[in-house]
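The values are calculated or read from the model by the stated rules, or taken from the named source; none is laboratory data. Not measured: the values here are computed from a predicted model. FYI the Cβ positions are ideal-geometry reconstructions off the backbone, even for glycines, and counts take in every protein chain you see.
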Amino acid sequence: MPVRPLYDCTVLLSGSRDNSVFVPNITAAEMYVLRAIHGENESGTDPITNVKPTGKGVDRSDTQERARIGTRYNAPGKTNGIAVLNALYGVGNPLPLEYTTQPVGELEDAPLLREEEKFVELEPQEPPRPKAVLLPGDPVSSVPEPFAKKTAKKESALLET
C-alpha cells in the first residue's frame with residue numbers, strides 16, 4: 001500500500017476569504033476534493049491555502065481513500081466525495097499522493113479585478129461668496145427679518161401732532 005503524505009491547510013469555504021476552516025492531517029486527494037467542492041471565488045482565489053506538509057503519512061490504499069472520502073463528504077448531488085473523485089480521476093484510476101499548488105494566474109486573467117484607473121487633478125473650487133447685504137428700502141431684501149434694520153413705528157396716528 002502506498003504511504004500518503006499528510007498536510008495541514010486552510011480551506012476558504014466557497015472561496016470566501018471571510019469564511020475559512022483549518023483542516024489538519026489531510027491527504028492530497030482530499031484537498032483536491034475540497035478544491036472542487038468549494039471552487040474558486042469570482043477573483044480566482046484558490047480555496048486551498050496555507051498548505052504545509054506535516055512530515056507524517058498514512059498507509060492507505062486508493063480503495064480505502066475513496067471509501068473514507070465518500071463517507072466524510074457524503075452530501076447528495078455533485079458535491080458528494082465519490083462523485084467528485086470519479087469526476088476528477090475516473091473510476092478505478094489511481095489517486096494522487098502528492099499535492100501541488102495551483103500556479104497563480106496573471107492579474108489580467110482574473111475576471112473581476114478592477115480595470116485600470118486614472119487619477120485626475122480637480123480644479124480648486126472657490127469658496128462661496130457672501131451674499132450682498134441689501135439695505136432697507138432696496139426693492140428686494142435677502143436679509144432675514146430678525147437681522148433687518150428696524151424702523152421706529154408710531155404707536156398711534158392720534159399721537160402724531
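Among the residues of the stretch 24-57, the ones that are over 19 Å from G77 (Cα atoms), modelled with pLDDT of 90 or more and acidic (D, E) come to 0 in all.
Restricting the stretch 81-99 to residues that are under 28 Å from the mean Cα position of the chain (by Cα) and in a helix (DSSP H, G or I), the residue that is modelled with the lowest pLDDT is G81. Tallying residues that are more than 19 Å from the chain's Cα centre (by Cα) and not β-branched (V, I, T) within the stretch 1-21 yields 8. One residue stands out among those in the stretch 42-92 that are basic (K, R) and within 17 Å of R4 (Cα to Cα): the one that is surrounded by the most Cβ atoms within 10 Å (Cβ to Cβ), which is R66. Of the set (1) assigned to a loop (DSSP other than H, G, I, E, B); (2) at pLDDT 75 or above; (3) of a type outside the set (S, T, N, Q), all apply to R129 but (2).
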